[in-house]
Structure formats: C-alpha cells, structure tokens
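Notes for the one structure printed next.
The values are calculated or read from the model by the stated rules, or taken from the named source; none is laboratory data. Remember, predicted model here, so these are calculated numbers, not experimental data. Virtual Cβ from ideal backbone geometry, glycine too; neighbours counted across all protein chains shown. Areas reflect the complete protein model, heavy atoms only, side chains present, ligands, DNA and RNA absent. Shrake-Rupley method; radii C 1.70, N 1.55, O 1.52, S 1.80 Å.
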Amino acid sequence: MPVLNHKMQNYIQKNNPTLIIFSLLIVSTCAMSYEYFLGAMSSYLLGDGRIQWALTITAMMVSMGFGGYSSRYVKSHEKMVVINELAIAFAGGFSTLFLYAFNVYIGSAQVVTLGYISINGFILGFQVPLFMHILRKAGESFGDLVARVTLFDFLGAVPAVILYIYLVKGVGLVQGTMLLGLINVSVVLLGIKLFEPELSTRFRRVAKILVVAIVLLLLLGLTFGERAVMGLERQLYNDRIVYQEQSDFQRIILTKRGEDLRLFLNGNIQFSSLDEYRYHEALVHPAMDLAANREKVLILGGGDGLALREVFKYPEVKEVTLVDLDPAVVGLARTHPVITRLNRGSLDDPRVQIVNQDGYKFLEQGSGLYGVIIVDLPDPNNEALAKLYTREFYTMVRRHLAKGGAVAIQSTSPYYANEAFWSIVNTVEAAGLDVAPYHTYVPSFGEWGFTLASDTAINKSRIKVEVSTRYLKQDMLPGMFVFPGDESESTNEAVNTLIHPVIIDLYQQAWENW
Ligand code: SAM
C-alpha cells in the first residue's frame with residue numbers, strides 16, 4: 001500500500017474518511033446537477049429534448065470514462081482533487097451563461113454544447129478514482145473504499161435532481177448553475193484543509209486566491225446574471241424588448257416597434273398586435289358558426305384572451321372555460337394596457353372560468369361537454385407540446401364535444417411546415433372527427449393553417465360569418481378551404497401519437513429551412 005507521511009495518515013484515519021466522502025458527495029451532486037442544467041439548456045437552444053437529453057447522458061458517460069482513465073497519470077492525488085474541484089466550480093458555474101452567449105453571438109452549435117458537457121463529465125470521472133486513491137492511502141481496505149465511493153458518488157444524483165428542480169424553478173438556468181458553483185467552490189476549501197499535509201504552502205495560497213476569485217466572479221454573475229441574459233436576449237429579437245419574464249413554464253417576452261406589440265413564448269411568436277385579428281377571426285368564427293350549440297365553449301391555450309374576444313361576439317355564449325397552463329401569460333394579458341385593449345378585457349368577463357392547468361390533463365380529468373372547442377396552443381416544437389397534437393389528445397377532445405359540436409385547431413403553416421400541417425389534419429381525422437382544413441394569410445406569421453373538425457359531417461358551404469369582423473368576409477370562406485398546389489398534401493402524412501410523436505421531426509425539419 002502506498003504510504004503517506006505519518007502526520008497525514010493519522011490525521012486522515014482519525015477524522016477524515018467521512019469528510020472526504022462528504023466532499024465527494026457534494027462534488028458529484030454539483031456535477032450531476034450541472035448535467036441536468038446542461039441537458040435543459042441544450043434542449044432549449046437546440047430543440048428536441050428527446051435527442052438532447054440522450055446526447056447529454058452519452059457525452060457525460062463517455063467523458064467520465066476518459067476522465068477516470070486519465071487519473072492513472074496523476075502523481076499527487078490530493079493536489080489534483082483541489083485543482084479539479086476548482087475547475088468544475090468555474091466551468092460548471094458559468095456553463096449555462098457560456099452556452100447561451102455562444103448561441104446568441106456565434107450560433108447554436110451542437111458540438112460546442114456536447115464539448116462543454118464532456119468537459120464536465122471528464123472532471124467528474126476524473127474525481128472518483130482520485131478519491132479512491134486518497135482513501136486507500138488513509139488505510140481503507142480496497143473493498144470498503146470501492147463500496148463507499150461508488151455508493152456516495154451515485155447517491156449524489158438524489159440531491160442533484162432536487163437542487164435542479166428547485167433552482168431551475170426558483171432562479172432559472174443561468175443563475176442556477178452559478179449557485180451550484182458556489183456550493184462547489186466551498187468544497188475546495190474543505191479539500192485544502194483536509195489535505196493540508198500534502199499540499200505546499202504556495203499551492204494552498206494560490207488555491208485560496210482562486211477560490212476567492214471564483215466566488216467573486218460567481219457573485220458578480222448572480223448579481224448581474226439576469227441583466228446579462230436580458231442583454232443577450234435583446235440580440236435575439238429585432239425589436240425593443242419591453243417585457244421579459246421567466247415563468248415556471250416558459251420565457252415570456254413582449255417586443256415593441258412603433259405600434260407593433262409582439263408576444264413571444266420561448267422565442268416563438270404568439271401574436272402581433274397589428275394583425276392578430278386576422279388569425280383569431282379565422283380561428284374562431286368557422287367553428288362558432290358550424291356548431292349546433294355555442295352556449296358552452298372550451299378554449300385550450302389562448303391565455304392572451306384574443307380568441308376569447310372573438311367568442312364573445314356571439315350573444316348566446318353563456319360560459320367559457322379557458323384552460324391555459326401558465327398563470328403568468330394570463331396575468332400579463334389581464335393587466336398589460338395594450339393587451340387588455342386588444343382582448344377588450346375578455347379574461348375578466350364573468351362568463352369565463354380560467355383554469356391554469358395542462359390542457360391534456362384537463363381533458364383527461366374533466367367530464368364536461370362543450371358545443372365549441374378552440375385549440376389555440378403554441379406550435380408542436382417540443383415533446384411537451386407535441387403531446388397536445390396527438391391522436392390521444394384529439395380523441396379526448398372528441399369525447400368532450402357535445403353532439404353537433406365543432407372544433408377549431410391552430411395547425412401551424414401549411415406552407416412553411418407543410419408535412420407537419422397535414423400530419424395534424426390526419427391526426428384529428430384519425431381521432432374519429434370529420435375534418436375541413438383551411439388556411440389564410442397573417443403577415444407576421446405568413447401563410448397559416450387551421451383544422452375545423454366535428455363529430456358530424458362538415459358542410460363547408462353552409463358556414464357563414466355572422467358577426468362583425470375586420471378581416472374575415474363571407475366571400476372569402478370557400479377559397480380558404482382550397483389549398484394552393486404548394487400547400488396541398490404531397491404524401492400521406494403520418495398520424496402523430498404519444499408513442500410515435502412524428503410531428504416534432506416534421507415540424508423542426510421544416511422550420512430549419514426558413
Ligand atoms: N396563437 C398562438 C400561436 O400561434 O402559437 C397560440 C397563442 S396562445 C398565447 C398559446 C398559449 O398556450 C399560451 O398562453 C401558453 O401558456 C398555452 N399553453 C402552452 N402549453 C399548454 C398546455 N400544455 N396546456 C394549456 N395551455 C398551454
């Protein structure tokens with residue numbers, strides 16, 4: 001067995017194995033948690049969480065293996081543990097800010113993201129054998145030390161996920177890793193203390209200076225992190241940002257240029273104040289007119305209150321249930337002076353019941369029947385949203401539809417995302433509803449598509465516009481149901497299901513080209 005000097009061996013045997021294991025637990029907790037943050041950040045920046053999480057885990061495992069292997073070249077394990085912990089506190093603490101800034105200034109790069117994740121994994125993998133060597137020198141038997149190190153290294157995953165969940169909800173992705181960095185750097189001080197006999201005075205002094213420097217940088221990052229993110233975000237939008245908020249569910253941004261106020265959720269436009277009436281009139285009126293009874297209306301999504309404004313043009317409407325996941329969007333739409341002017345205060349109408357819940361869960365748990373169901377949700381660009389475009393979802397929509405009821409679904413662009421659009425239409429049909437897809441032009445969105453559906457056969461020629469509108473005219477309706485050659489269905493697009501969510505790829509591949 002390698003022998004340490006007597007002073008250190010005694011010191012370690014008396015006090016330290018537990019403390020050494022404790023510091024391993026903290027480091028592995030932080031490293032695991034960084035990986036969760038990086039997985040979330042890469043999903044946010046690069047899209048398709050299904051792929052990004054798998055790539056994150058793979059990059060991490062492979063680089064951990066290389067890290068572990070490289071530890072064989074280390075001479076002073078104690079010194080390397082301290083250096084390693086300093087590196088992970090710095091690299092991990094600033095990881096999400098770095099990736100975000102890189103994405104804004106240079107562009108979204110899968111390779112850079114994976115590279116960063118790999119550095120993290122390498123450091124973590126490197127750490128574990130170092131701790132084993134140190135415990136071995138402290139007199140632990142091989143069996144004991146392998147058992148303890150493995151147990152506590154993997155146990156780190158539990159506090160890691162708890163920290164991740166609380167930090168991501170509490171302070172967001174960027175400041176979350178900075179707080180982890182602070183926890184991480186405190187372990188360096190413990191390491192310097194524990195391995196004092198093995199570290200030169202000069203090394204300890206430099207390490208302490210680096211600890212102070214990293215703490216200061218992280219505190220600076222925490223103080224100005226939100227402002228830095230806002231500054232970076234400004235680069236992503238063409239117009240001036242007048243409101244930004246990270247809700248529990250999404251990043252909410254309002255931009256303004258002259259009279260044009262635009263709402264973005266997670267970077268995707270939801271409406272422009274200049275032409276939103278085109279979209280909402282087209283979405284709401286065909287279904288309202290088609291329905292046998294419109295006393296009870298359900299809106300899934302639509303937290304901006306704009307579809308609701310159109311629904312209230314029908315005096316027969318007695319009650320509307322609006323199910324929007326995010327109270328922050330609804331809160332904004334109820335209080336922002338420009339949005340309340342646009343939606344005419346519809347969200348405060350006594351006939352509305354607002355439910356802040358996931359639309360899928362609402363349909364699953366509820367039992368109400370509605371004459372009209374309006375589905376005004378963001379485009380299916382990730383798996384959480386893709387679930388709201390599945391056959392299973394539309395089957396539940398059908399079950400909540402009163403006899404002779406009508407459904408209107410915003411269905412993305414038949415021009416820019418042609419295959420995704422037709423997949424939505426086919427999916428609604430596969431849920432047992434008759435469908436009548438249609439389209440219109442919304443300048444801020446481009447060519448836009450909708451799916452009208454019903455439990456009974458749809459007679460398009462009988463649909464009328466019987467309320468006052470700025471855009472939609474009776475004469476336009478027949479043309480809206482006719483698709484130009486380059487917007488028609490070219491192949492028979494697949495049905496989107498929970499088990500096979502084809503829509504994500506169809507959607508992402510399509511928009512990548514524009
Ligand atoms: N017109 C828009 C478009 O073209 O994408 C949709 C607008 S509307 C503002 C979308 C709303 O759907 C948002 O308020 C968002 O909070 C809500 N939403 C997102 N996911 C949801 C879910 N799972 N259940 C219910 N509402 C959801």
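Taking 0.36 nm per residue of sequence separation and removing the Cα-Cα distance, the Ile57/Phe22 pair yields an extension gain of 10.2 nm.
Peptide packing for 417-424, 24-31, 39-46 was compared via the average number of neighbouring C-beta atoms within 10 Å per residue; ordered from the highest value, the list is 417-424, 24-31, 39-46. Taking all Cα pairs closer than 8 Å and separated by 6 or more residues, the relative contact order of the chain comes to 13 percent. Spatially, region 419-450 and region 86-102 are offset by 42 Å when compared through their Cα centroids.
Shape class for region 156-264, computed from the alpha carbon gyration tensor (a ≥ b ≥ c): oblate, with a/c not under 1.5 and a/b at or below b/c. Between the residues Met80, Pro159, Pro478, the greatest Cα displacement towards the positive end of the dipole of the chain, with unit charges on the Cβ of Lys, Arg, Asp and Glu, is found for Met80.
Need the C-alpha centroid separation for region 155-218 versus region 286-338, integer Å. Cα centroid to Cα centroid, the span is 49 Å.
Treat every Asp and Glu Cβ in region 401-498 as -1 and every Lys and Arg Cβ as +1, leave all other atoms uncharged, and give the resulting dipole magnitude about the Cα centre to the nearest 20 debye.
Charge dipole, region 401-498, about its Cα centre: 500 debye, nearest 20.
Ordering 496-507, 374-385, 344-355, 302-313 by mean Cβ neighbour count within 10 Å, with the highest value first, yields 302-313, 374-385, 496-507, 344-355. The overall shape of region 296-407 is oblate: from the C-alpha gyration tensor, with semi-axes ordered a ≥ b ≥ c, the ratio a/c is 1.5 or greater and a/b is no larger than b/c.
If r is the Cβ-Cβ distance from Phe154 to Ala292 and R0 is 60 Å, what FRET efficiency results, to the nearest 0.05? Approximately 0.50, to the nearest 0.05. Counting only DSSP H runs of at least 4 residues, each contributing -39500 (n - 2.57), and dividing by the residue count of the chain, the helix-based mean residue ellipticity at 222 nm comes to -18500 deg cm²/dmol. Checking the a/c ratio against 1.5 first, then a/b against b/c, what shape does the Cα gyration tensor give for region 272-511? Rounded, because the longest to shortest axis ratio a/c is under 1.5.
Across the accessible surface of region 342-396, with the other protein chains kept in place and a 1.4 Å probe, carbon and sulfur atoms take up 48 percent.
Charge dipole of region 129-216 (Cα centre as origin; +1 on each Lys and Arg Cβ, -1 on each Asp and Glu Cβ, all else neutral): 320 debye, rounded to the nearest 20.
Take every pair of alpha-carbon atoms less than 8 Å apart whose residues are at least six positions apart; their mean separation over the length of region 272-511 yields a relative contact order of 23 percent. Here the calculated FRET efficiency for Tyr69 and Ser490, from their Cβ-Cβ distance with R0 = 41 Å, stands at 0.20, rounded to the nearest 0.05.
Rounded to the nearest 0.05, what FRET efficiency is calculated for Ser247 and Ser367 with R0 set to 30 Å and r the Cβ-Cβ distance? My answer for the efficiency is 0.55. Applying 0.36 nm per residue to the separation of Met230 and Val212 and subtracting their alpha-carbon distance, the gain on full extension is 3.8 nm.
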